[in-house]
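Trainee: Let me give you the structure first, and then I'll get to my questions.
The values are calculated or read from the model by the stated rules, or taken from the named source; none is laboratory data. Keep in mind that this is a model prediction, so the values were computed, not measured. Cβ: placed from backbone, ideal geometry, glycine included. Neighbour counts: every protein chain shown. Areas reflect the complete protein model, heavy atoms only, side chains present, ligands, DNA and RNA absent. Shrake-Rupley method; radii C 1.70, N 1.55, O 1.52, S 1.80 Å.
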Amino acid sequence: MKGRGKGMGKGWWLRALGVVTLAGAAGLLSAALLWAADPLHVVKSGTTHTLYGVAFASPSAGWVVGGGGTILATVDGGETWKAQKSGSQESLYDIAFPTPKMGWAVGANGTILMTADGGARWTPRKSGTAVDLFDVMFLDAAHGWIAGAEGTILSTDDGGKTWQDQPTGSRANLYSVLFMNDKVGWAVGALGTVLASKDGGRTWAAQESRTHSTLFDIAFPDQTVGWIAGNGGALLQTLDGGATWEDRSLSHPADLTGMAFTDFKNGWVVGDRGTILRTTDGGLNWAPYGRSPRTTLYGTVFLNAKQGIAVGDKGTIVQIVIP
């Protein structure tokens, strides 16, 4: 899938009850109950490296990647995380698991890492490029795409044994790539770049975006409705399967760096300074959700309609819970 901590715990305020007045105890109890009801929980990640990408192969098994070759894994839906040895010191920007065992991570200086055993061992793969690679997606175990700097898109149809450079005609940094099937796909990036392909990426055509904002992520909740998120609150929407894009930008000034939809009505965007926005009406309205940490968030994924994960600066992992 293409992004609930413990806080202080009740022991803190139980100890405090012994040294405060009754009124103070009531205040602490109220604060604790408010915390317990908060739908955003910051989880201990065990790292201070910036975390950029997150993927889940099942509701329980997930991975996060970040700076310094960081790869973290969870087997309990994001409650706890354990470091995996990537064998790389390069920043890793995104990760994908087309199967519970087979995974791919991409990053700086053309880095591609692959695992065939759920991350117990990661091995490098030749990318044929030295540019930064920002996003990776797989339709299935065989068909995958990677987007990167200087208009780079790589593809594989043999499960990553080989990667081919797909000419895009663009020099823009491409931050996200998404294919709906083995033919129809898009890539988005700097200066409002939106590229579309109808032949699996063999050819790409520029689309009119009507914005110069840098575009960071793209999501399609169904075959006709799609969204693109970018800096300065930029949001683009399509209602015709990506043939045209309309400006749905927010007055919210934050950069929007990651997005996810659980269906065409319910969606999420995350970004600068802890931004977490939710829509429940197909994007007509977006509202802040919960009490987010103030650290910038770069990626998000939803495991189901009730639970999501967002990751970002300083090793931040946030569990998003929908009551």
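Trainee: Just checking, how many residues over segment 144-167 are more than 19 Å from the chain's Cα centre (by Cα), over 13 Å from THR129 (Cα atoms) and not in a loop (DSSP other than H, G, I, E, B)?
Mentor: So the count comes out to 1.
Trainee: Of the conditions (1) buried (at least 22 other Cβ atoms within 10 Å of the Cβ); (2) in contact with a helix residue (DSSP H, G or I) (Cβ under 6 Å, 6 or more places away or on another chain); (3) hydroxyl-bearing (Ser, Thr, Tyr), THR214 fails just one. Which one is it?
Mentor: (1)
Trainee: Taking segment 249-263, which residues are closer than 14 Å to ALA287 by Cα and in a loop (DSSP other than H, G, I, E, B)?
Mentor: Scanning segment 249-263 gives SER249, LEU250, SER251, HIS252, PRO253, ALA254.
Trainee: Test ALA260 against the criterion of being of a type in the set (A, V, I, L, M, F, W, C) and open to solvent by 40 Å² or more (accessible area, probe 1.4 Å), and give yes or no.
Mentor: It is false that ALA260 is of a type in the set (A, V, I, L, M, F, W, C) and open to solvent by 40 Å² or more (accessible area, probe 1.4 Å).
Trainee: I want to confirm something. Restricting to segment 264-303 and keeping residues that are among the polar types (S, T, N, Q) and assigned to a loop (DSSP other than H, G, I, E, B), which single residue is most open to solvent (accessible area, probe 1.4 Å)?
Mentor: Among residues in segment 264-303 that are among the polar types (S, T, N, Q) and assigned to a loop (DSSP other than H, G, I, E, B), the one most open to solvent (accessible area, probe 1.4 Å) is ASN285.
Trainee: Let me ask another. Looking only at segment 313-323, which residues are open to solvent by less than 20 Å² (accessible area, probe 1.4 Å) and either of a type in the set (A, V, I, L, M) or touching a helix residue (DSSP H, G or I) at 6+ places or on another chain (Cβ under 8 Å) (or both)?
Mentor: Those that are open to solvent by less than 20 Å² (accessible area, probe 1.4 Å) and either of a type in the set (A, V, I, L, M) or touching a helix residue (DSSP H, G or I) at 6+ places or on another chain (Cβ under 8 Å) (or both): ILE317, VAL318, ILE320, ILE322.
Trainee: Filter segment 181-230 down to the residues that are among the acidic types (Asp, Glu), in a loop (DSSP other than H, G, I, E, B) and out of contact with any His (no Cβ under 9 Å at 6 or more places or on another chain) and list them by number.
Mentor: Across segment 181-230, the qualifying residues are ASP199, GLU208, ASP222.
Trainee: Do we find a residue being within 22 Å of ALA149 (Cα to Cα) and within 19 Å of the chain's Cα centre (by Cα) anywhere in segment 277-291?
Mentor: No.
Trainee: Write out, first by first residue and then by second, each pair whose Cβ atoms fall under 8 Å of each other, whose residues are 6+ apart or on separate chains, and whose first residue, in segment 197-208, is hydrophobic (A, V, I, L, M, F, W, C) while the second is open to solvent by 30 Å² or more (accessible area, probe 1.4 Å).
Mentor: Close Cβ pairs (under 8 Å, with a partner that is open to solvent by 30 Å² or more (accessible area, probe 1.4 Å)) amount to TRP204/PRO167; TRP204/GLY169; ALA206/GLY169.
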